Every structure is written in structure tokens, then in C-alpha cells.
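Notes for the one structure printed next.
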Ligand code: 2DT
């Protein structure tokens, strides 16, 4: 049996990741499972949720970064088991968000190299779709959570570019990152583009080995 594919949808806030991961889950049917990071219901996820929603709950930036990474480690065995059982796993955010958001804070010492360390050993996605847009803030308006501030989102966008540039280095052996400009596109148009990339990937990539960050 071929293992399932790990398909990641990454991107800036309010670019439609949640809508599109849900639509993709419908398309792939019962042979797929969706996991969203942060996964806020686990012990570590509850702390992350408190940090994001309660401004008075202070944590050191380094500690927050490690919590987000630890949240992925909490689910890493489950993800690997699902893939081995032949199920596709769709991820809504993953390692790249972890590195981009934390490094965008501009904290001394928390550069890309520092941020990637606790992610080392996690399974790499087989296909990554990165949603970008110039019009995210106009499209839906930002919400109330800690990072939903236009100024910070601009920094995150720059960092996402740096992160993907870093991963272009052959040492990281990261393949299949596709950038999708979702600005001014309808939900249907984006869903069609996503489905075309995902179905093509599943049909043509049959490798069985896992790759790890
Ligand atoms: P959502 O709005 O998608 O629930 O994300 N974040 C996310 C990080 O800073 N590091 C991470 O590793 C992940 C997965 C992005 C909530 C916020 O958490 C940020 C926005």
C-alpha cells in the first residue's frame, strides 16, 4: 500500500486557508484527515490559545516559539500513523508559520536558524501551497487575536519570503512549494487551483520514504 500524502496549506492571516483546507478535505473524502495548527485542544494547545486570545497573559517570545513547535510534536506520531495507514493528511499551517511568525518579532537571537531548530525531525510535507495576497486586510478585516495587526502581518509576509528562500537551499531538500496569489480570486477559483495541484501531485508522486526537517 502506498502511504498517504502530507499536504500543507500555509499563508498569511485571512487568505482563506481554513475555507480551502475544508474544501480540500471534502474533495479527498474519507481517505483524508485535516489537522490545523495550532491545535488548541491539547495541553500545550490550550496554553497557546490563552496566549493568542488574552493580551494580559505574558510569555517570553522564545517560550511561545517552543510551545508552537511542541504542539506539532504532540501530534507528530498521529500524523505519521495516519500517513502510514494510507490516509492523506491536510495541514492548515505548520513549520513555516512557526518560523515566519516568531522571527518576524525581531527578537535578538531569534533568527531563522534559531527558530528552525525545534522543528528538526518533524515530517516534511510532500506538497506545500503558500497563499499570499496584497489585499488580505481589505478582504475581511483582521480580528482580535494577538498577531492580527496589519503592521505585524507585513513583517510576517517578508519573513515568509525569507523562510522559503532559506528552504530553496538544496541542503534542506524541500520540494514542491507552490506560491498561490489568492488576492481578488473567488473561493471557487482558488479551490480549482488547489485541486489541480493536489490531484496532480497525488497522481504523479509515488515515493514512499518520509523526509524530515
Ligand atoms: P490561526 O489564526 O491559523 O489559528 O493561527 N502561529 C501559528 C505561530 O506564530 N506559530 C506557529 O507555529 C503557528 C502554527 C499564526 C493563530 C496564530 O498563530 C500563529 C497566527
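For the reader, a short list of remarks on this structure follows.
- Note on residue 107/residue 208: beta-carbon distance plugged into 1/(1 + (r/R0)^6) with R0 of 45 Å gives a FRET efficiency of 0.70.
- You can think of it this way: the chain between residue 134 and residue 70 has 19.9 nm of extra reach, that is 0.36 nm per residue less the Cα-Cα gap.
- For residue 60 and residue 161, a Förster radius of 25 Å and the Cβ-Cβ distance give a FRET efficiency of 0.40, rounded to the nearest 0.05.
- Order of 96, 51 under a 10 Å beta carbon neighbour criterion, fewest first: 51, 96
- Each part gets one Cα centre, and for the stretch 109-131 versus the stretch 1-73 those centres are 14 Å apart.
- This ranking places 55, 40, 93, 108 by how few other beta-carbon atoms lie within 10 Å of each, fewest first, which gives 108, 55, 40, 93.
- Which of 189, 13, 49 has the fewest Cβ neighbours within 10 Å, and the rest in rising order: 189, 49, 13
- Semi-axis lengths, Å, the chain, gyration tensor of Cα atoms, sqrt of 5 times eigenvalues: 26, 21, 17
- Once the Cβ-Cβ distance of residue 187 and residue 145 is raised to the sixth power relative to R0 = 25 Å, the FRET efficiency obtained is 0.65.
- Relative contact order of the stretch 84-213, defined on C-alpha pairs under 8 angstrom at six or more residues apart (%): 38
- Among beta bridges that DSSP assigns inside the chain, antiparallel share in %, nearest 5: 5
- Label reach from residue 81 (point 7 Å along Cα→C-beta): in the stretch 1-28, amide nitrogens under 16 Å belong to 4.
Each value in this text was obtained by applying a stated rule to the coordinates, not by laboratory testing. Computed from a predicted structure; not experimentally measured. Because the Cβ atoms are built from the backbone with ideal geometry, glycine has one as well, and the counts that use them run over all protein chains shown.
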